[in-house]
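**Student:** Dropping the structure in here first, questions after.
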Amino acid sequence: VTVTGATWGSQGRTFDGNDLINVGNVPQLDDAQADLTIALWLKTTATGNKAIIFYDNDNALAPNVDWYVYFPNNLRFGGLGDVNEYSTSTGFHDDIPHLLAITKSGGTITCFKDGVSFYSVVTANNHADFNSTFTLRLGDDANVSFFSGSMGEFWLYNRALTAGEVMQKYLSTKFRYP
C-alpha cells in the first residue's frame, strides 16, 4: 500500500483533490463472474466533478474494462464485469459521513447507503475476466480525476454480503463517524 498525500484525519484519510492510496493488485477484482462486496465510510466535500472513490482497470481489453465508483453529483459506477455505466439518483454530497456498500451477486449489483439498499440492477454478467496487473486505487483513476473528502474504513469481501450483514456493518461502525 502506497499513500500519496492522503493524511490522517479524525475520520480516516483526508483527500484534498489530488491524493490517492494505491492498494496494489487485488486479484479478487479480476474475476468478472465472482460475487463480492466493497464497503467504505466516506464523506465528500466537492460536487460537480468526477470524484473517483476506487478504480481498477485492464487497458488491454477493448473497450477498457473498468471497476470504478465516482460522484459527479450522484453515485455512478461501472465495470464489475459489465461494460456499461450505471447512474443512481442518490446523492452523497451533504458533508456527512456515510457507509457506501456495493454488492455483486451473480449478475445483480446492489448499492447501499448507511445500510439501506437504494439501487439495484441486473447485468449480463458474461464479460471476460480482467487478469489485470493494474492496481486498485482509492481516491483517483490513474491521475485524471480525484476525490475530495475523507475515507474511513474500507472492506473488500469475496462474497456478496446480505442486506442484513450490510446493515450490521453500518450499525457496528457508525459510532466512529459522528
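**Student:** Once label points are set 7 Å from the Cα along Cα→Cβ at both residue 8 and residue 159, what is their separation, rounded to one decimal in nm?
**Tutor:** Modelled inter-label distance: 3.3 nm.
**Student:** Taking the Cα-to-Cβ direction at residue 88 and at residue 175 and moving 7 Å from each Cα, how far apart do the two end points lie in nm?
**Tutor:** If labels sit at residue 88 and residue 175, their model points lie 2.6 nm apart.
**Student:** Quick one: if the Förster radius is 25 Å, what FRET efficiency do residue 25 and residue 105 give, using the C-beta to C-beta distance and rounding to 0.05?
**Tutor:** Working: r = 24 Å, r/R0 = 0.95.
My answer for the efficiency is 0.55.
**Student:** For labels at residue 117 and residue 95 in the simple 7 Å Cα→Cβ model, what's the distance in nm?
**Tutor:** 3.4
No value in this document is a laboratory result; all are computed from the given coordinates. If you're wondering where the values come from, they're calculated on a predicted model, not measured in any experiment. Methodologically, a virtual Cβ is constructed for each residue, glycine included, from the backbone with ideal geometry; neighbour enumeration extends over all protein chains shown.
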